[in-house]
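**Q** Sharing a structure below in structure tokens format, with a few things to ask.
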Amino acid sequence: MAIIAGLAALLRDKASPEAGSTLRDRLVDAAVRLTTEQGWAKVTMARLADEVGVSRQTVYNEIGTKKDLAEAMVLRELNRFLAGVSQSFDENPDDLIAAIRASARRVLTYAQDNALLHAVVSATHGADTELLPLLTTHSEYLLEGAKLVVAERVVSYDIGLSTERLEASIDMVVRLVLSHVMQPSAEPARTADDIAWIAQRVLR
């Protein structure tokens with residue numbers, strides 16, 4: 001459950017003026033840059049050390065293994081996605097369906113222009129597939145992290161559903177959005193409208 005714990009910490013600290021300035025952040029930035037430019041297979045702790053100007057042992061001390069590095073990269077992307085979700089709910093405090101529509105559109109638009117996500121998806125067409133399994137084998141952590149944030153925001157709306165039905169509805173909507181992140185079928189605005197239409201019939 002490291003990803004969920006880490007997500008909670010990131011969400012608590014996202015307003016910190018120190019965000020983005022730590023050695024860990026610089027290492028993750030370098031890893032993202034190398035992954036998008038050359039592929040995940042080219043990312044090594046030695047290369048990260050050279051990119052950032054520290055020793056290889058420092059990289060291991062700060063990040064851990066290469067798997068830990070991949071998790072840190074995915075976690076940060078998830079945090080950015082969910083920051084957009086929170087903003088959408090803030091902007092629509094009285095209209096849950098509008099908040100869901102805005103959230104879906106923000107997430108899908110961000111994913112559409114996300115170089116790291118494009119690198120991950122494109123890896124399925126070649127031999128460089130090491131990073132993609134992280135999204136599938138840890139999908140339950142990504143899913144639970146997203147559901148946690150959405151559930152915390154939804155409770156402020158007047159919804160006439162039992163706890164069980166509400167949890168099932170959140171699970172359905174989050175799974176639907178994440179499926180379109182990985183495999184988009186239309187423009188973000190169109191997909192967001194479709195997701196909002198489905199959510200309206202489930203939640204009201």
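The values are calculated or read from the model by the stated rules, or taken from the named source; none is laboratory data. Not measured: the values here are computed from a predicted model. Here Cβ is always computed from backbone atoms with ideal geometry, including for glycine, and neighbour counts include all displayed protein chains.
**Q** Can you tell me which residue in the stretch 149-165 is farthest from residue 78 (Cα to Cα), limited to those that are modelled with pLDDT of 90 or more, in contact with a helix residue (DSSP H, G or I) (Cβ under 8 Å, 6 or more places away or on another chain) and outside any loop (DSSP other than H, G, I, E, B)?
**A** 154
**Q** Here's something else I'd like to know. Do the conditions hold for residue 116, that is, is it of a type in the set (A, V, I, L, M) and in contact with a His (Cβ under 8 Å, 6 or more places away or on another chain)?
**A** So residue 116 fails the test.
**Q** Which of the residues spanning the stretch 165-204 are of a type in the set (S, T, N, Q) and surrounded by 15 or more Cβ atoms within 10 Å (Cβ to Cβ)?
**A** 169, 191
**Q** Among the numbered conditions (1) under 20 Å from the mean Cα position of the chain (by Cα); (2) assigned to a helix (DSSP H, G or I); (3) without any contact (Cβ under 8 Å) to a residue 12 or more places away in the chain, tell me where residue 168 comes up short.
**A** (1)
**Q** Quick check on my filter: what residues within the stretch 153-164 are touching a Ser or Thr at 6+ places or on another chain (Cβ under 9 Å) and either over 14 Å from residue 98 (Cβ atoms) or surrounded by fewer than 16 Cβ atoms within 10 Å (Cβ to Cβ) (or both)?
**A** Correct list: 159, 161.
**Q** Out of the stretch 181-198, which residues are at pLDDT below 90 and either assigned to a helix (DSSP H, G or I) or acidic (Asp, Glu) (or both)?
**A** Hits for the stretch 181-198 are 181, 182.
**Q** If I filter the stretch 120-143 for residues that are at pLDDT 80 or above, within 27 Å of residue 186 (Cβ to Cβ), surrounded by fewer than 21 Cβ atoms within 10 Å (Cβ to Cβ) and not hydroxyl-bearing (Ser, Thr, Tyr), do I get at least one hit?
**A** No: the stretch 120-143 contains no residue that is at pLDDT 80 or above, within 27 Å of residue 186 (Cβ to Cβ), surrounded by fewer than 21 Cβ atoms within 10 Å (Cβ to Cβ) and not hydroxyl-bearing (Ser, Thr, Tyr).
**Q** I've got another one for you. Would you mind stating whether residue 65 is modelled with pLDDT of 85 or more, among the β-branched types (Val, Ile, Thr) and surrounded by 11 or more Cβ atoms within 10 Å (Cβ to Cβ)?
**A** Spelling it out, it is not the case that residue 65 is modelled with pLDDT of 85 or more, among the β-branched types (Val, Ile, Thr) and surrounded by 11 or more Cβ atoms within 10 Å (Cβ to Cβ).
**Q** Separate question: Out of the residues in the stretch 43-93 that are touching a residue at least 40 places away in the same chain (Cβ under 8 Å) and among the acidic types (Asp, Glu), which is farthest from residue 117 (Cα to Cα)?
**A** In this case the residue turns out to be 71.
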